[in-house]
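The values are calculated or read from the model by the stated rules, or taken from the named source; none is laboratory data. None of these values were measured; they are calculated from a predicted model. Neighbour counts are summed over all protein chains in view; Cβ atoms, including those assigned to glycine, are modelled from backbone coordinates with ideal geometry. Just the protein is used for accessible areas: all its heavy atoms, side chains included, with ligands, DNA and RNA removed. Shrake-Rupley method; radii C 1.70, N 1.55, O 1.52, S 1.80 Å.
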Amino acid sequence: MTDRHDDAACVACRLADGTTSLPGGTLLRTAHWTVEHCVGPLGVGTLIVKPLRHLTGVHELGGEEAAELGPLLGRVTAAVRTVVGAECEQVYVCLWSHKGRVPGHIHFVVQPARTSDIDRYGNVYGPELQMAMFGQGVEPDAGAVEEFCGRVRQVLGEVSAI
């Protein structure tokens, strides 16, 4: 992992290099990207796809990083849909990179939009669902995260590599 600024200050870098505990561990690592379960209140099954290098914008991606991104997002999204099953109405993919109005380590959030979550939060979806989940602030059960991650690892192993 190269080209990082202050690793100690970046939560995403600390999760990727193992200096901060990561429920579910690393699910997949390519030459330029890592896939992990999301920390925070976005529910069991929400994954993060982030570059190994500390980048604060998509415009900073090198050619090889950019070439890996599309196929990797497709592969991870397919795995989430497979593991969640029929309750998965949609899989959201969005880029986040701000904290306190300061650009941070970019990461793509890959979130299953479950029927039960949409119903539980008042028939909201898309950004409204994510905002409602953050508003409630309920962190997923660590055991459920570990179980989900085990199933995703198995599916990712069955899907052809990028």
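Taking Cα atoms, how many degrees apart are the long axis of helix 142-158 and the longest axis of the chain, rounded to 10 and kept between 0 and 90? Its long axis makes an angle of about 70 degrees. When shorter helices are ignored and each DSSP H run of at least 4 residues is given -39500 (n - 2.57), the per-residue value for the chain at 222 nm works out to -12000 deg cm²/dmol.
Protein heavy-atom surface of the stretch 1-115, 1.4 angstrom probe: 57% of the accessible area is carbon and sulfur, with nucleic acids and ligands not counted.
In the stretch 1-109, which trypsin sites (Lys or Arg not before Pro) fall in coil by DSSP and have 12 or fewer other Cβ atoms within 10 Å? If you can, show how the numbers build up before the last one.
On the way: sites: R4, R14, R29, R53, R75, R81, K99, R101; in loops: R4, R53, R101.
Loop-located and lightly packed - R101.
Going by a ≥ b ≥ c, the root eigenvalues of the Cα gyration tensor, does the stretch 43-127 fall in the rounded group (a/c under 1.5), the prolate group (a/b larger than b/c) or the oblate group? Because a/c hits 1.5 or more and a/b fails to exceed b/c, the stretch 43-127 counts as oblate.
Expressed as an acute angle from 0 to 90° and rounded to the nearest 10, what is the orientation of the C-alpha long axis of helix 127-136 relative to the principal long axis of the chain? Long axis of 127-136 versus the principal axis of the chain: about 80 degrees.
Here r is the Cβ-Cβ distance between D119 and R14 and R0 is 35 Å; the resulting FRET efficiency, rounded to 0.05, is 0.50. Accessible surface for the stretch 1-141, divided over its residues, is 48 Å² per residue with a 1.4 Å probe.
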